[in-house]
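Novice: Before we start, here is the structure in question, set down as structure tokens.
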Amino acid sequence: MAVGRFAPSPTGDLHLGNLRTALVAWLFARSAGSGFMVRMEDLDRVQASADHERSQLADLAALGLDWDGEVVRQSERFDRYEAAIAQLDAAGLTYPCSCTRREIREASAAPHGDPSPEGAYPGTCRDLTAAERAEQAASGRPLALRLRGPGTTVTVRDDLIGEVTALVDDVVLRRNDGVPAYNLAVVVDDAAQGVEQVVRADDLASSAPRQRHLAELLGLPPVAYAHVPLVLGPGGHRLAKRDGAVTLADQLARGRTPEAVVGILAQSLGLVADATPCRPADLVTRFDPTRIRPTPWTWSDTP
Ligand code: GLU
């Protein structure tokens, strides 16, 4: 059976933007008769918590978004990520990197350095000599592990926003605190869970080419992508807590029902003409992804 998923990070309450993405992911899956999974991306142990996980799941359930099987937690799957890293390592596709964020920024900005696109790793640790490697290992600096990326752009097709092209640089596979990196974990998990379509917010669209490349290197099947336009706060920035009543709990406290919230989200997406209260199940049979507006939705909190 085809499978879709929603993969929040349990680092706070879900806001309307997250809930809107979850609704779209659920509608894509359920309208196709597919399975739908929830995965907790809780690799960031400092911010992730069981309380946030509980409240996020409760919010999804309250809106009428159901899922199949047990919720998967990335924090419980390190062995799978390490197996994938070992596979890339055995293929000679990894190298240790001791660069700090600051060093990366400075190397990218240096006039004599290789011009590297915004945020791309400039390759400082990529081709060290044996002596430099030994020095790096002996330095006591925490080491991240990077992929020997192709350094070329990769294009993926997206079901909502068209083609996405991005540079696949030397992405981090394991962070210097020993935690597997997001891009690797996502690719490993989506394949392990049989996910065929990744639906998420479009601030992650530029990660899709890297993830496609990683999947290919690991011999995993490619997934389809649908990146949902962001929800912005009244100031034009990405929706945040300070923008007012942005969580389901806030909305309920204002007297709205979960159905009213679903109606607002469905209208914001262009799926229904007006924000009549409804359940996600009411939208399944008439879900038409081509109607989803490709532009961000600006939330303004008018009760
Ligand atoms: N955990 C990510 C987030 O909450 C989503 C990652 C993904 O869907 O690939 O933004």
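Novice: So, of the residues in the stretch 238-250 that are out of contact with any Leu (no Cβ under 8 Å at 6 or more places or on another chain) and assigned to a helix (DSSP H, G or I), which turns out to be surrounded by the fewest Cβ atoms within 10 Å (Cβ to Cβ)?
Specialist: Arg242
Novice: Can you pull out the residues in the stretch 94-126 that are at pLDDT 95 or above and either surrounded by fewer than 18 Cβ atoms within 10 Å (Cβ to Cβ) or not in a loop (DSSP other than H, G, I, E, B) (or both)?
Specialist: Passing the criteria: Thr94, Tyr95, Pro96, Cys97, Arg126.
Novice: Give the residue that is nearest to the ligand (Cβ to nearest atom), with candidates limited to residues of the stretch 191-203 that are assigned to a helix (DSSP H, G or I) and surrounded by fewer than 17 Cβ atoms within 10 Å (Cβ to Cβ).
Specialist: Applying the filter and picking the extreme gives Asp203.
Novice: Kindly indicate the residue of the stretch 84-98 that is touching a residue at least 40 places away in the same chain (Cβ under 8 Å) and hydrophobic (A, V, I, L, M, F, W, C) and also farthest from Leu128 (Cα to Cα) among those meeting that condition.
Specialist: Here the residue is Ala84.
Novice: Another question, then. So which of Leu218, Leu283, Leu265 ends up being out of contact with any Asp or Glu (no Cβ under 6 Å at 6 or more places or on another chain), open to solvent by less than 60 Å² (accessible area, probe 1.4 Å), closer than 30 Å to Ile85 by Cβ and not polar (S, T, N, Q)?
Specialist: Leu218
Novice: Here are the criteria: (1) closer than 25 Å to Trp299 by Cβ; (2) polar (S, T, N, Q); (3) at pLDDT below 95; (4) open to solvent by less than 60 Å² (accessible area, probe 1.4 Å). Tell me which single one Gln47 does not satisfy.
Specialist: Here Gln47 meets the rest and fails (4).
Listed here are the residues, each with its yes/no results for (1) surrounded by fewer than 20 Cβ atoms within 10 Å (Cβ to Cβ); (2) away from the ligand (no atom under 11 Å from the Cβ); (3) of a type outside the set (A, V, I, L, M); (4) at pLDDT below 95.
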residue	(1), (2), (3), (4)
Met1	yes, yes, no, yes
Ala7	no, no, no, no
Phe28	no, yes, yes, no
Ser31	yes, yes, yes, no
Gly35	yes, yes, yes, no
Arg54	yes, yes, yes, no
Leu57	yes, yes, no, no
Gly64	yes, yes, yes, no
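The values are calculated or read from the model by the stated rules, or taken from the named source; none is laboratory data. Remember, it's a predicted structure, so these values are computed and weren't measured experimentally. Ideal geometry is used to build each Cβ from the backbone, glycine not excepted, and the neighbour counts take in all protein chains shown. Please note that ligands, DNA and RNA were not included when accessible areas were found on the heavy atoms of the full protein model with its side chains. Shrake-Rupley method; radii C 1.70, N 1.55, O 1.52, S 1.80 Å.
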